[in-house]
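First the structure, which I've put down as structure tokens, then a few questions once you've had a look.
The values are calculated or read from the model by the stated rules, or taken from the named source; none is laboratory data. Keep in mind that this is a model prediction, so the values were computed, not measured. Here Cβ is always computed from backbone atoms with ideal geometry, including for glycine, and neighbour counts include all displayed protein chains. Accessible surface areas use protein heavy atoms only, side chains included; no ligands, DNA or RNA. Shrake-Rupley method; radii C 1.70, N 1.55, O 1.52, S 1.80 Å.
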Amino acid sequence: MLRLDSISKKFGGVKAVSQVSLELSDGDVLGLIGPNGAGKSTLINLITGLLTPDEGQIYLSNLNITSKKPYERARLGLARTFQNLRIYPNLSVGQNIEVASISSNYSSRIMNFDLDKIINIFDLDNKIDLASEELSYGHLRRLEIVRALALNPLVLLLDEPAAGMNENETKELSNSLKWVQNNIACAIIVIDHDLKFIMGVCDKITVMNMGEVIASGKPNEISNNKRVKEAYIGH
Amino acid sequence: MKPFFKKISIPIFASFLAFPVYADTIKVGFPVPLTGEYAPYAEIQGAKCMAEIINNKGGVNGKKFELLVQDTGTDTQTAISLTEKFLDQGVVAIGTIPFSDTMIPVAQIAAGYGVTILQAQSTQVEMHTGIVDNFISNVSPDPFTAAAAAEYALSEGVKNVVLLTSDDGGSWSAKTPLWFGEVIENGGGKVLSKMNFSIPTSDWSPQIAEMKKLSSSPDAVYISSIMPDVGVLVRQMKAAGIDAWVFGSDGLDDPSLDSVADSDKSILDKVAFGTLAPSQPGSAMQEFQAECKALGMPVDGMFPALGADVIMALAYAVEKTGGTDPVAIREALRSADSIPVRTVESVSFKNNKSHAERTVPVIGFKNGVRVLLSNAIPRFVPNWK
Amino acid sequence: MIDYVVQQSLNALSFGAEYALIALGLAIVFSIMGLVNFAHGEVIAIGGYCMMVMAAIAFRNPIVIIIGAIFASVIMAVFLERIAFRPVRYADATTGLLTAFGVSLILQNLFLLLVSPRPIAVTSMYFLDWPIKLGSIRISSLQIFETVATLLAILFLVLFLKRSFLGIAMRAASLDFEMVRLMGIRANRVIATAFAISGLLAGIAAIFIIARRGAVDPTLGFNPVLKAFVACVVGGFGSLTGAVLGGFLLGALEVGMLVILPQSYGGMKDAFVFAVIAIILVWRPEGILSPQKEKGDKI
Amino acid sequence: MNIFQSSKSFKQAFWGATLLSVVIASIGVFVIFFGERYHLRLVYAAYVNLLVVLGLQVFMGNTNITNLSHSAFMGLGAYIAAICVTPIQIKKLSLPDAPWGLNAFELDALSSALISLTLTGFLAFLTGLVIVRLSGIGATIVTIAILVIVHSIFMHRTDIFKGKQAFFGIPQVFDLSSIIMISIFVIFVARFFRESKWGIQLRASSDDEKSADAMGVNIFKLRLVAWTLGGLILALSGICYAYYLGTISARPFYFSHVFLTLAMLILGGMRSITGAVIGTILITFGLEGVRFMETGPTILGLKFPEMLGLSGIALGAVIVIIMVVRNGGLVGNFEIEQLFIKTRKNI
């Protein structure tokens, strides 16, 4: 579905992302973790097109999208959420979702799920006509995910979806993601600090540090990896 | 639906119409620019003062002047709506924004009522080309002021001139210099160069550098612009060592020009302008200003005095016709051999119909004080129609 | 011919100095709080009106008048910040711009209401202006004063921003305002200082404008500030060096247009100047010297 | 392709526009039947300004980029139509030196209007290509540049535009009832655009450019569409201006008109069509009142002093107060149909 071929990006002299390769297929849920400044967000920005890589290629279902603009990638099926909420405050909840679903109409991909159902699952069905600023924080987080799903994505990138949530909300979010994994044909990348949450939802985890991938594997392999422990705890 | 509206609207409409018409006053409408770009055209102040003077003496045939004044904010649309409002209130004449883009539509609307646009100080030529018939200006158009200034310049031995033109003031700033040049050439002089400027300009050094580049140095520069721009030009030319006359039009006739001589009494010695009415000390204009001040209605500058002229001309016509019929008043104005006004002895509209025949003063300075250099009807006026 | 070129270049320099002086005042406020202060022109006009009032109540000492005018502009700038711009401090640039337009409208009409729509003569600054002969070239002392004053103002600003505590805080604020707040420096003080400096620059500009024009009217500041605004954007909004560069560039452009354009197109000077500006902006949307933004890892 | 994403958007847009049309039309009809003659003119001018404000709203309201060039496009619309429609014999008199045979042809009012719309729309499209590439203040400065350039051409090419002098002799084509109908049409256009797919995506991009980009919004294209559509509406407003007044000049298409209409838009709230209409109505009537006070009237025997400049102060104060207190304008995102259609469910 999504393939990164040795992607690199420098800021000034600093390598923010160096020679990162990744491959994701349908139904995969990949966790991307690493300490602050590891290059996770840069990687997301490279994938979604807000930044262009200095080296390497990006493929989305075998189409080279390295030089495509963000909105073109979005229409091709790359959906994302943001680390700090980026809901459109002057649009209603329903219109926030419409923005993305209008874009999905521009693609030839057939929607293989029912958006109303998703809205229902994420508990937004009775809030559609509210101004988005009237939602609670937890619901705004959900709205971001629903909005991204409305793009009918092939790949869904979630940038710290559980940030700022309490334990209950995190649990609900985990359940919802599970539901997405089981019912929608797309790959998911999740970035988060909450290891417990990541371990709970992901079936593959990639660990980054200093712009490089230092480990990759199943959750239990990662939790025992020495380099990962070093990177997190420090020397 | 419609008949219902009609039924109730007719009596209401009728009552609107019936309400404000008093036969015992002479109403004059002034949808004028009290604010905005053209606010300096403040003839209304003088019109008010003159109306007060006449009213204090008991009016004209017992009728008193009533001036209907409202601000247009220098906006044509507003001027037109206000005109319509004043027309419905029975005015005998209208004075408005002194630019053709306002005066033409205003005149077209007033024509339906037989009312005349009587402008205190409108000098632009366009209004006299026969577009509208019900227009009268109390002053001479720009070619006359240009010609008067040029005749004086020739008498001072001016040969080579530089013309400064701009489109920013309409034909007043674009064409008046050319007419000046025409008269100069007719008198054996030469136009060395034409240069462009914009209004406002607060630094003339590029144009002055151009002047210094000319093969022969100019005897005079002509400009039709406003204060304080012209004051800057005078000072910068002097500073640059160009010893030439600066001639201009009525835009220079602003009290703030005199202050240019505050630190150097001689700096204005070679500045002169053809204008609309004499403004030197002891002139009728200054007397009028003193009179208004005594009435507690201080007025400043030339335009108010010209506003007073308009009221006096109307007073004359009302007295002559014995009534306030606007068409009769226009006829009376246009058939009189001479109408007494305030700024000059008299004016006449008999020959030109749309503008006054009056002497055109040229004002200069001596030791920083205004002097009347000449005051006559120019002999040669360029063809401008 | 050489004389002519030198003369026009000097003219361009002094045009540019005036724009640069005003543009600096705009840029210093913009760099700190992202506000395009269109009311800067009225801050200049206040300086002019202050001179008018002082002359009317018979102050003759030019030093006193100059100090008074600068003082009035500084007070006005700080006052405007307090009553009009503080409430929109954290709003987007559009809100700030429109607020400034509103303030500018109010002040212009207040001058009209309280003083006069017509120009009022103020001749107390004429003494700054006398001709100077340099070989075959004659220039006005005012041109020299203005250029020198602009250069001094730049020097003073650089020193202030590099050496003083408040100046360093201001530089930091222009990079990351939140950061300065976290460091415990009171935002109000930093911003008030920026406005005070812009007022000071406006006051100096007022002196030169009045010295040349010899009169003050309600729209005195509008046109110069429009041009200075353009200079700022072209130079790179928020960059002080950019403002100065933009100012001088605009001066050169304006004099150049007057010289190059044939007489029949002379009236289109503004059209050409603004067309060049638009082209520069399309070429470099952030201006020629736009400040490097710390984009960092996050978007 | 349906321009609406959902039938609910269409319904809302339709009812909202209908209600506003009723308000607008009833003001006009009231004046036609009960007003004095000069009221007709006053109200006509207000309708022209309403068109300008709506044209401005289409771009500014949906993109949140301040546009200060709108009066220039209005002027272009007015002049192009005027040049086409004015009879030859008048043009021979008023434009004796016009190039390209501009004074040697005349067209009927409809063709003239269509030519004006096409040309102005094309110019809007061309300038739009530049504008949409810039953001925020950069875009605003280019709009100022457009205003200055167009004004400068109007002022200088006196052989075509007559500059500050009058371009006269334009036949009177419209009356109050025609502009009422045009206003209603434009209200529908603006409201439909706001609720259309394009409008919703544009408004998303005005809230958050990056996030909209990530949601597949082609911001350049949509801004260009809004800019061009706004330009067309502004051209229409200019045509209405010329077709009623009969005389135009460069003067009314410059900064003071820019600020007046801008104040109208932001007072009501630029994000909503209802706001644009309310702002226009309030400022139009408010200014009449202020102007009355300005000349120092006597009310109930009380003589007020002459206070010139009061209207300018009031306009500036409206802008500042709205920006400081409520920068979304009086109504924010509110549209009139929300008074009647229940769109909100309880949480």
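Would you be able to tell me the number of residues in region B:25-65 that are of a type in the set (Asp, Glu) and either away from every other protein chain (no Cβ under 13 Å) or assigned to a helix (DSSP H, G or I) (or both)? Break it down stepwise before answering.
Here is the first cut: in region B:25-65, the ones of a type in the set (Asp, Glu) are B:37, B:43, B:52.
Cutting the leftovers down to either away from every other protein chain (no Cβ under 13 Å) or assigned to a helix (DSSP H, G or I) (or both) gives us B:43, B:52.
Total satisfying the criteria: 2.
Filter region C:81-103 for residues that are more than 14 Å from residue C:188 (Cβ to Cβ) and either more than 7 Å from every other protein chain (Cβ to nearest Cβ) or open to solvent by 50 Å² or more (accessible area, probe 1.4 Å) (or both) and give the result. It would help to see each step written out before you state the result.
Kept after step one, since they are more than 14 Å from residue C:188 (Cβ to Cβ), are these residues of region C:81-103: C:84, C:88, C:91-103.
If the condition is that a residue be more than 14 Å from residue C:188 (Cβ to Cβ) and either more than 7 Å from every other protein chain (Cβ to nearest Cβ) or open to solvent by 50 Å² or more (accessible area, probe 1.4 Å) (or both), then C:92, C:96, C:100 are the ones that fit.
What about residue C:25, is it buried (at least 24 other Cβ atoms within 10 Å of the Cβ) and not hydroxyl-bearing (Ser, Thr, Tyr)? Reasoning before the result, please.
Working: buried (at least 24 other Cβ atoms within 10 Å of the Cβ): yes; not hydroxyl-bearing (Ser, Thr, Tyr): yes.
In short, yes.
Of all residues in region D:282-292, count the ones that are open to solvent by less than 50 Å² (accessible area, probe 1.4 Å), farther than 17 Å from residue D:55 by Cβ and more than 10 Å from every other protein chain (Cβ to nearest Cβ).
2
May I ask you to say which residue of B:232, B:191, B:221 is among the aliphatic types (A, V, I, L, M) and in contact (Cβ under 8 Å) with a residue 60 or more places away in the chain? Let's see the steps before the verdict.
Values: B:232 fails: in contact (Cβ under 8 Å) with a residue 60 or more places away in the chain; B:191 fails: in contact (Cβ under 8 Å) with a residue 60 or more places away in the chain.
Step by step, each of B:232, B:191, B:221 is checked, and only B:221 is among the aliphatic types (A, V, I, L, M) and in contact (Cβ under 8 Å) with a residue 60 or more places away in the chain.
So, one more: Confirm whether residue B:301 is at pLDDT 90 or above and either among the hydrophobic types (A, V, I, L, M, F, W, C) or crowded, with 20+ Cβ neighbours inside 10 Å (or both).
Against the criterion (at pLDDT 90 or above and either among the hydrophobic types (A, V, I, L, M, F, W, C) or crowded, with 20+ Cβ neighbours inside 10 Å (or both)), residue B:301 does not qualify.
Related question: List the number of the failed condition for residue B:291; all other conditions in (1) in a loop (DSSP other than H, G, I, E, B); (2) open to solvent by 20 Å² or more (accessible area, probe 1.4 Å) hold.
Residue B:291 satisfies all of (1) in a loop (DSSP other than H, G, I, E, B); (2) open to solvent by 20 Å² or more (accessible area, probe 1.4 Å) except (1).
Looking at region A:37-45, can you tell me whether even one residue there is assigned to a helix (DSSP H, G or I), within 14 Å of chain D (Cβ to nearest Cβ), within 17 Å of the chain's Cα centre (by Cα) and not polar (S, T, N, Q)?
yes
Take region D:88-117 and flag every residue that is part of a helix (DSSP H, G or I), away from every other protein chain (no Cβ under 14 Å) and buried (at least 18 other Cβ atoms within 10 Å of the Cβ).
D:112, D:113, D:116, D:117
Filter region A:99-111 down to residues that are without any contact (Cβ under 8 Å) to a residue 12 or more places away in the chain and assigned to a helix (DSSP H, G or I) and give me whichever is most open to solvent (accessible area, probe 1.4 Å).
Only one residue fits best here, namely A:105.
When you scan region B:317-333, do you find a residue that is open to solvent by 10 Å² or more (accessible area, probe 1.4 Å), assigned to a helix (DSSP H, G or I), more than 20 Å from residue B:144 (Cβ to Cβ) and among the polar types (S, T, N, Q), even just one?
Yes; the residues of region B:317-333 include at least one that is open to solvent by 10 Å² or more (accessible area, probe 1.4 Å), assigned to a helix (DSSP H, G or I), more than 20 Å from residue B:144 (Cβ to Cβ) and among the polar types (S, T, N, Q).
With within 13 Å of chain D (Cβ to nearest Cβ) and open to solvent by 10 Å² or more (accessible area, probe 1.4 Å) as the only criterion, which of B:76, B:102, B:72, B:129 stands out?
None of the other options fit; the residue is B:129.
Output the number of residues of region A:115-143 satisfying the condition of being β-branched (Val, Ile, Thr) and more than 23 Å from the chain's Cα centre (by Cα).
1
Restricting attention to region A:22-41, does a residue exist that is in contact with a Leu (Cβ under 7 Å, 6 or more places away or on another chain), of a type outside the set (A, V, I, L, M), closer than 30 Å to residue A:226 by Cβ and in contact (Cβ under 8 Å) with a residue 60 or more places away in the chain?
yes
Quick check on region B:255-266: of everything there that is out of contact with any Ser or Thr (no Cβ under 8 Å at 6 or more places or on another chain) and crowded, with 20+ Cβ neighbours inside 10 Å, which residue is nearest to the other protein chains (Cβ to nearest Cβ)?
My answer is B:256.
Inside region D:246-347, counting only helices (runs of 4 or more DSSP H) that do not spill past its ends, which hold 2 or more residues that are touching a residue at least 24 places away in the same chain (Cβ under 8 Å) and among the aromatic types (Phe, Trp, Tyr)?
So the answer is D:255-268.
Shifting gears a bit: Considering only residues that are of a type in the set (A, V, I, L, M, F, W, C) and more than 8 Å from every other protein chain (Cβ to nearest Cβ), which ones fall in region B:227-254?
B:230, B:233, B:234, B:237, B:242, B:244, B:245, B:246, B:247, B:252
Taking the conditions exactly as written (of a type in the set (D, E, K, R), free of Cβ contacts under 8 Å to residues at least 24 places away in the same chain, open to solvent by 10 Å² or more (accessible area, probe 1.4 Å) and within 14 Å of chain D (Cβ to nearest Cβ)), does residue A:114 satisfy them or not? Outline the logic, then answer.
Working: of a type in the set (D, E, K, R): yes; free of Cβ contacts under 8 Å to residues at least 24 places away in the same chain: yes; open to solvent by 10 Å² or more (accessible area, probe 1.4 Å): yes; within 14 Å of chain D (Cβ to nearest Cβ): no.
No; evaluated as a whole, the condition is false for this residue.
Which residues, taken from region C:126-161, are within 22 Å of the chain's Cα centre (by Cα) and farther than 19 Å from residue C:25 by Cβ?
Of region C:126-161, the ones within 22 Å of the chain's Cα centre (by Cα) are C:126, C:128-129, C:140-161.
C:126, C:128, C:129, C:140, C:141, C:142, C:143, C:144 - these are the residues of region C:126-161 that are within 22 Å of the chain's Cα centre (by Cα) and farther than 19 Å from residue C:25 by Cβ.
If I go through region B:26-44 residue by residue, how many of them are modelled with pLDDT of 90 or more and open to solvent by 20 Å² or more (accessible area, probe 1.4 Å)?
Looking only at that region, the number is 0.
Is one or more of the residues making up region D:173-182 of a type outside the set (Gly, Ala, Ser), over 19 Å from the mean Cα position of the chain (by Cα) and open to solvent by 30 Å² or more (accessible area, probe 1.4 Å)?
Yes: one or more hits.
Being closer than 23 Å to residue A:190 by Cβ, in contact with a Leu (Cβ under 9 Å, 6 or more places away or on another chain), hydroxyl-bearing (Ser, Thr, Tyr) and more than 8 Å from every other protein chain (Cβ to nearest Cβ), is that true of even one residue in region A:89-107?
So far as region A:89-107 goes, no, none of its residues is closer than 23 Å to residue A:190 by Cβ, in contact with a Leu (Cβ under 9 Å, 6 or more places away or on another chain), hydroxyl-bearing (Ser, Thr, Tyr) and more than 8 Å from every other protein chain (Cβ to nearest Cβ).
Consider region A:6-36. How many of its residues are within 14 Å of another protein chain (Cβ to nearest Cβ), surrounded by 22 or more Cβ atoms within 10 Å (Cβ to Cβ) and over 17 Å from the mean Cα position of the chain (by Cα)?
Result for region A:6-36: 3.
Let's see how each residue does on (1) under 20 Å from the mean Cα position of the chain (by Cα); (2) away from every other protein chain (no Cβ under 13 Å); (3) buried (at least 24 other Cβ atoms within 10 Å of the Cβ); (4) at pLDDT 90 or above:
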| position | (1), (2), (3), (4) |
| --- | --- |
| D:198 | no, no, no, yes |
| D:209 | no, no, no, no |
| D:234 | yes, yes, yes, yes |
| D:245 | yes, no, yes, no |
| D:275 | yes, no, yes, yes |
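Separate question: When you scan region A:119-235 for strands (runs of 3 or more DSSP E) that lie fully inside it, which ones turn up with 1 or more residues that are open to solvent by 10 Å² or more (accessible area, probe 1.4 Å)?
Result: A:204-209, A:212-217.
Restricting attention to region B:193-226, which residues are open to solvent by 40 Å² or more (accessible area, probe 1.4 Å) and more than 9 Å from every other protein chain (Cβ to nearest Cβ)?
Hits for region B:193-226 are B:199, B:214, B:215, B:216, B:217, B:219.
When residues of region C:227-255 are filtered for being assigned to a helix (DSSP H, G or I) and either facing chain B (nearest Cβ under 9 Å) or open to solvent by less than 10 Å² (accessible area, probe 1.4 Å) (or both), how many remain?
Selection size over region C:227-255: 16.
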